[in-house]
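The structure under discussion appears below in the form of structure tokens.
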Amino acid sequence: MSIASTQNKGFGAILWDYLTTVDHKKIGNMYIAAGAFFFILGGIEALIIRIQLMAPENDFISAGLYNEMITMHGTTMIFLAATPILVGFMNAIMPLQIGARDVAFPFLNSLGFWLFLFGGIMLNLSWFLGGAPDAGWTAYTPLSTQSPGHGVDFYVMGLQLSGAGTLMGGINFLVTIVTMRAPGMTYMRMPLFTWTTFVASILILFAFPALTVGLFLLMFDRMFGSAFFDVALGGNSVIWQHLFWIFGHPEVYILILPAFGIFSEIFPVFAKKRLFGYSSMVFATFMIAFLGFMVWAHHMFTVGLGPVANAIFAVATMAIAVPTGIKIFNWLATMWGGSIRINSAMLWSLAFIPSFTIGGMTGVMLAASTADFQYHDTYFVVAHFHYVIVGGVVFGILAGLHYWWPKLFGKVLHEGMGKIAFWLFFIGFHLTFFIQHFLGLMGMPRRYWVFLENQGLDTGNLVSTIGAFLMALGSIVFVINVVYTTMKGEKASADPWGTGRTLEWAISSPAPEYNFKQLPLVRGLDPLWIEKMDGNVKMTPAEPLNDIHMPNGSILPLIMTIGFFIASLGFIYQVDSKAWLIVLYAGMAIALGCMLIRSLKDDHGFHIHKEDLEREAD
Amino acid sequence: MTDHTNKLNSFRRHKQKEEMKHQVITFALMIIFTLIAFLVVAAGMDKTYVIPVILTLAVVQVGFQFYYFMHMKDKGHEVIAALIYGGIWIAIITILTFTTIIWW
Amino acid sequence: MSQDHSLNPESFPQDPAKATQEGKHKYIGLWFFLGGETVLFACLFATYLALHQSTAGGPSSQDLFGLELVFIMTILLLTSSLTSVYAIYHMKNNNFKKMQLWFGITALLGIAFLACEIYEFAHYIHEYEFTFRSSAFGSAFYTLVGFHGGHVVFGLSWLIALMVRNAKRGLSLYNAPKYNTFAIYWHFIDVVWVFIFTVVYLMGMVS
């Protein structure tokens, strides 16, 4: 059905299909596409920052605009690029890996996506409506409560929307993994990417509410005159820092754990060897998540929490190096003695290991709370977190894109261009950020829009800017690759790598609407590999061929989101004129009305009939 | 309606009755705990004594809610319990920080 | 699987709320959501505890709070928890009318609770000029208690919508999970209230 119907549809029908879809694969692809768009936006902002810092006392952009740039670069990259692309992978791949036909809440899944997208649009709308937020991506109070104009208001409402979307996604994945695993898929047979999705979703569930509360308090202070951060009325600005980092630190692990999962999928496939130390990998994932929640104050060592608190958080932070080390050694041991095939996906994975390890080492340095007083708010910190986020998360995303592209879009990305993109980006990345360690140690503070001549910072900054342009070149080659592949690439087979081990490679590329005609019987870890070793062509079905129940598509999530979007604008502007309250109420009425319709209207879904399934080729 | 209910398996009905009895006992205990907490405060006793007592009563009462009213004691609630305890753990460390290292 | 979700005594499952796959998803999903809500309220409680002495010269918790009203509110909400347990008991016995009746009582108790809360807030504002903007304590107090009140409002709207919608249709495997998840949510609101009356009101009166 999927193939035939997409060929015959006009553009309007396809658009309507995507606006109303509740199919986890389509939603996953939309997450990835929207995330890529924001990634490019954030990348352009990064280039503008680097151009400004190319030479001493440069005046490419004004100080105010520079503040907006750094704020939007950070916010966009974390909330609108990295998180959604990873959520996109989770959406598109995880149900396939556990042998499910969809996620547990398809409607909620679609709602989560639209909330994220409109949150991102809301945030970027600020550029055109009087200036972007300019209080840094951490929006520390009282800087953010004092910031004039509506920039920070857009930050608050945009993140509130997209945060709610992410929270829904997290709950959805958790329920899916708990209830919808195929027969025989026990917890300890789940692929590592599914495991990291599970653990990252737990982190989302517990971390995002803290952000929600923090944003509410900031919103109340800015828009309704409350006094949470107003010292004159007894408020306390440290509260924001705690709330932000109770969310913010786990967020780092929400990003890195799925990336770890992606690498744990790629190494075994291209080393043709099962993952070394599977159970210790699962254990390490849980350890990282557990410890990750008890280290947030290491962002606040210089606030003055006192030696006892600093010491506790320092030790907890250093402890995270242990499970991370377990993972690094397991990946190395997976490749040890394997028959390794090096392609683009593998190149990104191989490059990840040393790059991320450097970021991990500087992390331990920063964790030493006394030494941190020296590093704090310098380019050393900037270098550290870019090594972790780019060297870990972005490399993971690119590796995952190359690896799963056939499963997502039915074509294999061009190898040659993949390699060119990799080398440009990889060299550019190290050029940009390695030298920033030393700039930081020499005392260059972060977030300053200019630096002075002849302080030993000139060459380093120029090198860094050159590196940034190489990264941009690499990204452009990747985009060209995507376009080229879409136009010319051959249709991929079900298992284009030939050595696929997990269930997603057992079904056609791209996966059919219903994923599995018959749910597969899972006989162990790496179920497809087990069948291959037993000489079976495909998975043994666990059920007879039967009608498949499917959820109905719905436009309600989009309308609901638009309602919240309108209401958010009302919230922002009711400060200027009470007439905007009408907009607020109208938006809320739309959103709540949609909720009511959803709740009251019966929606039993539909069935794909057995006869149609039989007619369709494998 | 009544003949519908009568046809239900009598064993099941009996079990449900039994469970309902437990629920009512739970409720009675919760009311008693609440009363004690209010009385202790109304009596105006020393706060170093009162605060631990009312906090303990609250925790026990909430435990009753979770395990009896919300059926967390039933089978098949292992993952649910694990996640609720995860949330409670984060809650504890959050409140601990906010009462100790938010300085003035 | 047939589309017919109506129930007859012969096929009546032990727990109609969890008899279908969708029902199971809803049940577990709501519980996980409550795990997140735990953190949400923890952050609000933590903020309140950090700011509850920051009265900026305005009224303090000892000046404001009285035991009687809070006690009445507590009993109202606790009782509504029990009545929703009764409602679920009748759901498991396939007795739709009694279930609606007990849920109706639950809704009335919830509305009574809400009325008390509105009265309480109005009292503070008019008698003491203690508002959301008076002090950090005021902001934290109204936000914490108000978030709980908002949850009550949402729960009540949810329940009333469910009851009106299904009044003529009776119990089915399609709507049983909806009622059941509401009941769990309602208990959770009660759980939060137990901590509010202990930490905010009772502790606010001693210290």
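The values are calculated or read from the model by the stated rules, or taken from the named source; none is laboratory data. Small disclaimer: the values here were computed from a predicted structure and weren't measured. Heads up, the Cβs are rebuilt from the backbone with ideal geometry, glycines too, and the neighbour counts pull from every protein chain shown. In case anyone asks, the SASA skips ligands and DNA or RNA and just uses the protein heavy atoms, side chains included. Shrake-Rupley method; radii C 1.70, N 1.55, O 1.52, S 1.80 Å.
In the assembled protein chains, residue A:495 presents an accessible area of approximately 30 Å² (probe radius 1.4 Å). Amide H to amide H, with H built 1.01 Å from N, residue A:411 comes under 5 Å of A:492, counting only residues 5 or more places away or on other chains.
When the helix-only estimate is applied to chain C (DSSP H runs of n ≥ 4, each -39,500 (n - 2.57), divided by the residue count), what is the mean residue ellipticity at 222 nm, nearest 500 deg cm²/dmol?
Computed mean residue ellipticity for chain C: -25000 deg cm²/dmol.
Nothing charged except the Cβ atoms of Lys and Arg (+1) and of Asp and Glu (-1): what's the magnitude of the dipole of chain A about its Cα centre? Round to the nearest 20 debye. Using Cβ point charges on Lys, Arg, Asp and Glu, chain A gives about 1160 debye. Around the amide H of residue A:378, modelled in the peptide plane, lie the amide H atoms of A:446, all under 5 Å away and 5 or more residues distant in sequence or on another chain.
Ligands, DNA and RNA aside, residue A:529 has an accessible area near 50 Å² when probed at 1.4 Å. List, in the order given, every pair from B:75/C:97; A:26/A:272; A:272/A:407; A:25/C:18; B:75/C:92; B:75/C:98 whose Cα-Cα distance in the structure shown is over 21 Å. Cα-Cα > 21 Å for B:75/C:97; A:26/A:272; A:25/C:18; B:75/C:98; rest within. The Cα atoms of the range A:67-127 give a gyration tensor whose axes a ≥ b ≥ c have a/c of 1.5 or more with a/b no greater than b/c, which makes the shape oblate.
Could you tell me how far the Cα centroid of the range B:9-34 sits from the Cα centroid of the range A:263-285, in Å? After rounding, the separation between the Cα centres reads 49 Å.
Dipole orientation for chain B: of the candidates B:43, B:99, B:57, B:57 has the Cα lying most toward the positive pole (charges on Cβ; Lys, Arg +1; Asp, Glu -1). Sequence-distant contacts, meaning Cα pairs under 8 Å at least 6 residues apart, place the relative contact order of chain A at 16 percent.
When the Cα gyration tensor is reduced to axis lengths a ≥ b ≥ c, the ratio a/c is 1.5 or higher for chain B, and with a/b not above b/c it is classed as oblate. A DSSP coil position with no more than 16 other Cβ atoms inside 10 Å describes the following trypsin sites (Lys or Arg not before Pro) in the range A:549-612: A:578, A:601. With the whole protein complex present, residue C:169 retains an accessible surface near 100 Å², based on a 1.4 Å probe. Taking a ≥ b ≥ c as the square roots of the eigenvalues of the Cα gyration tensor, the protein assembly as shown is oblate, since a/c reaches 1.5 or more and a/b is not larger than b/c.
When both the range A:203-221 and the range B:75-101 are represented by their alpha-carbon centers, they are found 17 Å apart.
The trypsin sites (Lys or Arg not before Pro) of the range B:41-104 meeting both criteria, a DSSP state outside H, G, I, E and B (loop) and at most 12 other C-beta atoms within 10 angstrom of the site's C-beta, are B:73, B:75. Residues A:243, A:556, sorted by accessible area with the largest first, give A:556, A:243 [1.4 Å probe; ligands and nucleic acids excluded].
Positive-end ranking of A:290, A:444, A:300 along the dipole of the range A:2-543, with charges on Cβ about the Cα centre, is headed by A:290.
Roughly how many Å is it from the Cα centre of the range C:131-152 to that of the range A:579-598, as a whole number? Taking the Cα centre of the range A:579-598 as reference, the centre of the range C:131-152 is 23 Å away. The lysine pair count for the range B:2-73, using Cα distances under 30 Å and pairs eight or more places apart or on different chains, is 7.
Near the amide H of residue A:550, within less than 5 Å, lie the amide hydrogens of A:606, A:607, A:608, all on another chain or at least 5 residues away, with H placed in the peptide plane. Mean per-residue shielding of peptide A:590-597 is 1, counting Cβ atoms of other chains within 10 Å of each Cβ. Only Cα pairs under 8 Å and 6+ residues apart enter the sum, and on that basis the relative contact order of chain C stands at 37 percent.
Candidate cross-link partners of residue A:273 among the aspartates and glutamates, defined by an alpha-carbon separation under 13 Å and a same-chain spacing of 8 or more, comprise A:265, A:526.
The accessible-area ordering, largest first, of the residues A:381, A:269, C:153 stands as C:153, A:381, A:269, per a 1.4 angstrom probe.
So for the range A:555-618, averaging the separation of alpha carbon pairs under 8 Å that are six or more residues apart and normalising by length, what relative contact order in percent results? RCO, the range A:555-618: 34 percent. What angle do you read, to the nearest 10 degrees and between 0 and 90, between the alpha-carbon axis of helix C:21-51 and the longest principal axis of chain C? The angle comes out at about 0 degrees. The calculated 222 nm mean residue ellipticity attributable to helices in chain A amounts to -22000 deg cm²/dmol, summing -39500 (n - 2.57) over DSSP H runs of n ≥ 4 and dividing by all residues. 3J(HN,Hα) along the range A:155-160: 4, 4, 6, x, 5, 4 Hz, from the Karplus curve 6.51 cos²θ - 1.76 cosθ + 1.60 with θ = phi - 60°, whole Hz, x for Gly and Pro. Annotation for residue C:67 and residue A:368: the two label points, set 7 Å from Cα along the Cα-Cβ direction, are 5.7 nm apart. Taking GluC sites (Glu not before Pro) across the range A:476-550, the ones in a DSSP loop with at most 11 further Cβ atoms lying within 10 angstrom of their Cβ are A:490.
Once the Cα atoms are used to define both axes, helix A:63-75 deviates from the longest principal axis of chain A by about 30 degrees. The long axis of helix A:24-52 is offset from the longest Cα principal axis of chain A by roughly 30 degrees. Shielding by partners for peptide A:201-211, expressed as the average number of C-beta atoms from other protein chains within 10 Å of each residue's C-beta, is 6. The mean number of Cβ atoms from other chains found within 10 Å of a Cβ in peptide B:71-78 is 2, as a whole number.
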